[in-house]
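Notes for the one structure printed next.
The values are calculated or read from the model by the stated rules, or taken from the named source; none is laboratory data. All values derive from a computational prediction rather than experimental measurement. No Cβ is skipped: glycine too gets one built from the backbone with ideal geometry, and neighbour counts run over all protein chains shown. Each accessible area value is taken on the protein alone, full model and side chains, heavy atoms only, with ligands, DNA and RNA left out. Shrake-Rupley method; radii C 1.70, N 1.55, O 1.52, S 1.80 Å.
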Amino acid sequence: MMDIEQMNDRIEAIVEGRADSFEAFLLKTSTLSIEVKDRRLETLKQARSMGACLRTIHNNRLGFSYSFRLNPDSLRTMVDNALQGARGTDPDQAYGFPGENGLTPTLRIYDHSIENIPRQKKLDIVRTLENSTRSFSRSVKRVRKATYSEYIMDASVTNSLGLRRNGRSTIISLSVMAVAEERGDSQMGWESDF
């Protein structure tokens, strides 16, 4: 599969000469979710996805299309659909895309070390969360679930005015849902942190 830079180049080559201007947004994500219940692994979900969307302006008409299939034929179809869609929109002289000038710097919100942590250690973290919740008070009778969630994103925006920005980010969260009982009263609580 092509990486984000190769897809940007491919889209630019397909659009070139067919639209007055364009802007492409590409997103690649990787997610991991680990749930523990009663000290055992309950659920482990891992997913990867990639998608692209394209805005075009031709004869002052705005077109849009997207695709989750990113092979060369699908990228050509995405471009064709954006150009076809533009034919059905009203022209507007105000349509345009931003250039590189005046944009804020890219935020540094990516932690590369997350991808190097072994899955077993992540599972151990969730088990520790569940155990800590259970031992917090004698009134905590059970933990419904303890969850580790991980989201890694690569994004790119490119346009015909020279804008070419890439960014990476990571989000990690832990959450827990517990049930406490005391003197015949039962309450459920949930907490999450990033």
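Report the gain in length on full extension from ARG183 to THR106: 0.36 nm times residue separation, minus Cα-Cα distance, nm rounded to one decimal. Walk me through the numbers on the way to the answer.
On the way: separation 77, 0.36 × 77 = 27.72 nm, distance 5.42 nm.
Fully extending the segment from ARG183 to THR106 adds 22.3 nm.
Considering only PRO118, ASN81, LEU161, whose Cα is most displaced toward the positive end of the charge dipole of the chain, charges sitting on Cβ of Lys, Arg (+1) and Asp, Glu (-1)?
Going by the Cα projections, it comes out as PRO118.
Label points 7 Å out from Cα along the Cβ direction at GLU16 and ARG119: separation in nm?
Result: 4.2 nm between the two label points.
Need one value: the accessible area of TYR110 in square angstrom, 1.4 angstrom probe, rounded to the nearest 10.
Its heavy atoms expose roughly 70 Å² to the probe.
Long-range amide H contacts for ASP20: which residues qualify at under 5 Å (H placed 1.01 Å from N, peptide plane, sequence gap of 5 or more or a different chain)?
When sequence neighbours closer than 5 places are left aside, the close amide H contacts are ILE57, HIS58, ASN59.
Which value, in debye to the nearest 20, gives the size of the charge dipole of the chain about its Cα centre, when Lys and Arg are +1 and Asp and Glu are -1 at the Cβ?
So the magnitude is around 880 debye.
Using θ = phi - 60° and the Karplus form 6.51 cos²θ - 1.76 cosθ + 1.60, what ³J(HN,Hα) does each residue of segment 57-70 get, whole Hz, x for Gly and Pro?
10, 9, 6, 6, 10, 9, x, 8, 7, 8, 7, 9, 9, 10
Considering only protein heavy atoms and a probe of 1.4 Å, how much of the accessible area of the chain is carbon and sulfur, as a whole percent?
The C+S portion of the solvent-accessible surface of the chain is 50 percent.
Write down the accessible area per residue of segment 1-148 in Å², having rolled a 1.4 Å probe over the full set of protein chains. The partial results should precede the final answer.
On the way: 9460 Å² over 148 residues.
Per-residue value: 64 Å².
What FRET efficiency comes out for THR77 versus GLN46 if R0 is 30 angstrom and r is the Cβ-Cβ distance? Round to the nearest 0.05.
Using R0 = 30 Å, I get an efficiency of 0.55.
Using each residue's phi in segment 92-98, evaluate 6.51 cos²θ - 1.76 cosθ + 1.60 at θ = phi - 60° and report the 3J(HN,Hα) Karplus result to the nearest Hz, with x for Gly and Pro.
Rounded to whole hertz, the list is 8, 5, 7, 4, x, 10, x.
May I ask you to compute the full-extension gain from ARG69 to PHE25, defined as 0.36 nm times their residue separation minus their alpha-carbon distance, rounded to one decimal in nm? Display every interim value, and only then the final one.
Values: separation 44, 0.36 × 44 = 15.84 nm, distance 1.40 nm.
Net length gain for the segment: 14.4 nm.
Under the definition of Cα pairs under 8 Å and six or more residues apart, what whole-number percent is the relative contact order of the chain?
The normalised contact order for the chain reaches 23 percent.
So what J values fall out for segment 106-122 if you push phi through Karplus, 6.51 cos²θ - 1.76 cosθ + 1.60 with θ = phi - 60°, rounded to Hz, Gly and Pro as x?
So the Karplus estimates, Gly and Pro as x, are 5, 6, 9, 10, 10, 10, 5, 5, 4, 5, 9, 6, x, 4, 4, 5, 5 Hz.
Rank by packing, highest mean first: peptides 43-53, 173-183, 125-135, with packing defined as the count of other Cβ atoms within 10 Å averaged across residues.
125-135, 173-183, 43-53
Given (i) 17.3; (ii) 20.5; (iii) 20.0, which label gives Kirkwood radius over Cα pairs in Å as computed from the coordinates?
For Kirkwood radius over Cα pairs in Å, the calculated option is (iii).
Heavy atoms of the protein only, probe of 1.4 Å, neighbouring chains included. What is the accessible area of ILE171 in Å², nearest 10?
Surface accessible to solvent at ILE171 totals approximately 80 Å².
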